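Engineer: Encoded as structure tokens, here's the structure I'll be asking about.
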Amino acid sequence: MTDTTSTAAPEETDDLTRLEQEGEIAADYLEGLLDIADLDGDIDMDVEGDRAAVSIISDAPSRDLQKLVGREGEVLEAIQELTRLAVHRETGERSRLMLDISGFRARKREKLTTLGAETAQQVKESGEPVKLQPMTPFERKVVHDAVAAAGLRSESEGEEPQRRVVVLP
């Protein structure tokens, strides 16, 4: 009888453990931030694909948490970077952690997935490439994934902060 045990299993377990640790460090950091700001919110941790995902949620509709999102998610992006730095300080490794506050990113992901699918359909019908508005790296990734799921190819062009997705026929 041959041994068919995969050597990837321990690596996957190690990756999962590392991502869970990132989530724990991030949760501790964010709890401290909420305490300092005197805001109420619960921390939810998960692992999505190859990155830790942490969300700050509230049972009651809270305008206070919206302050942590800011206009168009600008404050959320800044808090995410600070949280990644806190994780890096503890682990010595670069973090790709994703932060969501009050479901802002989840709603944004839904809208961008629809935009990507609709744009792909438009390109299929016209046969012409379509350039979208400038987006953040998170937004571009969601659109690229939606375009790929629709069976087309896309690429990013330009320099930050004017980098945009181009959907190709």
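Engineer: Within the stretch 85-107, can one find any residue that is free of Cβ contacts under 8 Å to residues at least 12 places away in the same chain, more than 21 Å from residue 19 (Cα to Cα) and in a helix (DSSP H, G or I)?
Structural biologist: yes
Engineer: Return the total of residues in the stretch 36-48 being in a strand (DSSP E or B) and either in contact (Cβ under 8 Å) with a residue 60 or more places away in the chain or open to solvent by less than 60 Å² (accessible area, probe 1.4 Å) (or both).
Structural biologist: 2
Engineer: Separate question: Within the stretch 107-129, is there a residue that is exposed (fewer than 12 other Cβ atoms within 10 Å of the Cβ) and among the small types (Gly, Ala, Ser)?
Structural biologist: Within the stretch 107-129, one or more residues are exposed (fewer than 12 other Cβ atoms within 10 Å of the Cβ) and among the small types (Gly, Ala, Ser).
Engineer: Which residues, counting only those in the stretch 49-66, are at pLDDT below 90 and either at negative phi or open to solvent by less than 70 Å² (accessible area, probe 1.4 Å) (or both)?
Structural biologist: Selection gives 50, 58, 59, 60, 61, 62, 63, 64, 65, 66.
Engineer: Kindly indicate whether any position in the stretch 139-159 is touching a His at 6+ places or on another chain (Cβ under 8 Å), assigned to a helix (DSSP H, G or I), modelled with pLDDT of 95 or more and open to solvent by less than 60 Å² (accessible area, probe 1.4 Å).
Structural biologist: no
The values are calculated or read from the model by the stated rules, or taken from the named source; none is laboratory data. Keep in mind it's a predicted model, so treat the numbers as computed, not measured. Here Cβ is always computed from backbone atoms with ideal geometry, including for glycine, and neighbour counts include all displayed protein chains. Quick note on the areas: whole protein, heavy atoms, side chains included, nothing else; ligands and nucleic acids left out. Shrake-Rupley method; radii C 1.70, N 1.55, O 1.52, S 1.80 Å.
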